[in-house]
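Beneath this line is the structure, given in structure tokens, with notes to follow.
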Amino acid sequence: MQRPSEPGLAIAFVGRLVPEKGLDCLFRACVKLLGKWTLTVVGSGPAQEQLEQLAEKLGIASRITWKGALPPETVRTLWAEVDTLVIPSRTTPGWVETFHQPLVEAMGHGVTVVGSDSGALPELIDTAGLVVPEDDVPALTAALQHLADSPRERQRLGREARLRVMHDYVDDAVARRTLEFWESLRRP
């Protein structure tokens, strides 16, 4: 899959606009990035107004494109336009990140992913992307700066992400693992 040809880092966030999803952490990390970058935000939610105000306050509003909630078929067109998807979720007493469908879709399209260590994200990403501690703005900034400075590393991780999805998450792979599980239960 061809990634954007413009210089800089095209970042995306796809998720509900609520505090648990950590978009505010991503904003704070982006403030410290050196070089050209843009951020596309896909999603809606009760925190949108606060997040827009935070972007203004941090001086990054002009680099952010707000797409709102989009149907899945439209989200799929996003993957050709971005270099990396960031899922900076944070665990709360009442919530933890579970399977994140847009993250797996992005990986399947060869998009480099960065996620926090919330819930299932580290297992989904494994070595096919970058995992940073929850709410660790300096670590998220460092991960993004590394990707901005190293297009080859982005490409390598994108290829690894696609291979991971092909091996573990396409229908055939899920069916194979399910069959293996059931057969293991039948064995004495």
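The values are calculated or read from the model by the stated rules, or taken from the named source; none is laboratory data. The shown structure was predicted, so the numbers you read here are calculated from the model rather than taken from an experiment. Glycine gets a Cβ as well: all are built from the backbone with ideal geometry, and neighbour counts include every protein chain shown.
Can you confirm whether G94 is among the small types (G, A, S) and over 24 Å from H146 (Cα atoms)? Criteria met by G94.
Each row is one residue, and each column tells you yes or no for (1) under 25 Å from R159 (Cβ atoms); (2) touching an Asp or Glu at 6+ places or on another chain (Cβ under 9 Å); (3) assigned to a loop (DSSP other than H, G, I, E, B).
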{"residue": "G110", "(1), (2), (3)": "yes, no, yes"}
{"residue": "G119", "(1), (2), (3)": "no, yes, yes"}
{"residue": "V131", "(1), (2), (3)": "yes, yes, no"}
{"residue": "E134", "(1), (2), (3)": "no, yes, yes"}
{"residue": "L140", "(1), (2), (3)": "yes, no, no"}
{"residue": "A143", "(1), (2), (3)": "yes, no, no"}
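Summed over segment 71-90, residues that are assigned to a loop (DSSP other than H, G, I, E, B) and under 16 Å from the mean Cα position of the chain (by Cα) total 5.
Which residues, taken from segment 7-35, are over 19 Å from W79 (Cα atoms) and of a type in the set (D, E, K, R)? Those that are over 19 Å from W79 (Cα atoms) and of a type in the set (D, E, K, R): E20, K21, D24, R28, K32.
Restricting to segment 145-175, and then to whatever is small (G, A, S) and assigned to a helix (DSSP H, G or I), can you tell me which residue is surrounded by the fewest Cβ atoms within 10 Å (Cβ to Cβ)? Once the filter is applied, the top-ranked residue is A175.
The residue of segment 140-188 that is modelled with the lowest pLDDT, among those that are farther than 20 Å from E123 by Cα and of a type in the set (D, E), is E183.
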